[in-house]
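The values are calculated or read from the model by the stated rules, or taken from the named source; none is laboratory data. None of these values were measured; they are calculated from a predicted model. Every residue, glycine among them, receives a Cβ derived from its backbone with ideal geometry; neighbour counts consider all protein chains shown. In case anyone asks, the SASA skips ligands and DNA or RNA and just uses the protein heavy atoms, side chains included. Shrake-Rupley method; radii C 1.70, N 1.55, O 1.52, S 1.80 Å.
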Amino acid sequence: MAKIKIENVVASTSLGEELDLQAIARVLGGAEYEPEQFPGLIYRLKEPKTAILLFRSGKVVCTGAKSLENVKTAIDLVAKQIGAAGIPVHKNPEIVVQNIVATSDLGAQIDLNAIAISLGAGKVEYEPEQFPGLVYRIDEPKVVVLLFGSGKLVCTGARKPQDVEQAVERITGELKAAGLLR
């Protein structure tokens, strides 16, 4: 099985019915809140290295995490800081993963033209003049895999790490079955 590296986990939750972003911006040192530019408050954490976006509606988006644990840690940390300042927030909010982006390496160079022909036009987009990678859409799990001639790949759209593993196993199996990967 090829080694898979999670590059980014994007997840969302809700910390309350309505958040006073001005008050939160004062509490969270270094937070960026410029409502004329962007409707949310941006708070960057150094550990775990993530960005938390807080919106007046109470919705929260965490991006940049390298694992699901990092997402939970980051959201818990921000919720505690806001709560400690006397601003009411939900305890143990339900966190929903929106997208996982991961990379892997098939360990060999691959012929994208042959793959585009072999895997069929329905699920594959390959226009090397536009983009150097082949775009392969998988229905189960519902993800998109970008394959490059170097054998490296990027998987996006996954909701769980197992989705990435399944996608990489599936693509490896299909390429081997077609004689396009040793």
State whether the residues of segment 139-152 include one that is out of contact with any strand residue (DSSP E or B) (no Cβ under 8 Å at 6 or more places or on another chain) and open to solvent by 60 Å² or more (accessible area, probe 1.4 Å).
-> yes
Conditions (1) open to solvent by less than 40 Å² (accessible area, probe 1.4 Å); (2) within 24 Å of Lys160 (Cβ to Cβ); (3) assigned to a helix (DSSP H, G or I); (4) not basic (Lys, Arg) -> Leu77 fails only (1)
Find all pairs meeting these conditions: Cβ atoms under 7 angstrom apart; at least six residues apart or on different chains; first residue within segment 106-134 and more than 17 Å from Val154 (Cα to Cα); second residue at pLDDT below 95.
-> Ala114/Leu180; Ser118/Ala178; Ser118/Leu180; Leu119/Glu174
May I ask you to list the residues in segment 84-125 that are open to solvent by 60 Å² or more (accessible area, probe 1.4 Å) and part of a loop (DSSP other than H, G, I, E, B)?
-> Gly86, Pro88, His90, Lys91, Asn92, Glu94, Gly107, Gln109, Asp111, Ala121, Gly122, Lys123
Can you work out which of the residues in segment 28-60 that are among the polar types (S, T, N, Q) and open to solvent by 20 Å² or more (accessible area, probe 1.4 Å) is nearest to Glu94 (Cα to Cα)?
-> Ser57
Go through segment 134-175 and give me each residue that's farther than 15 Å from Ala108 by Cα and in a loop (DSSP other than H, G, I, E, B).
-> Asp139, Glu140, Pro141, Lys142, Arg159, Lys160
Is it the case that segment 17-36 has a residue that's out of contact with any Leu (no Cβ under 6 Å at 6 or more places or on another chain), modelled with pLDDT of 95 or more, over 30 Å from Leu146 (Cα atoms) and of a type in the set (Phe, Trp, Tyr)?
-> no
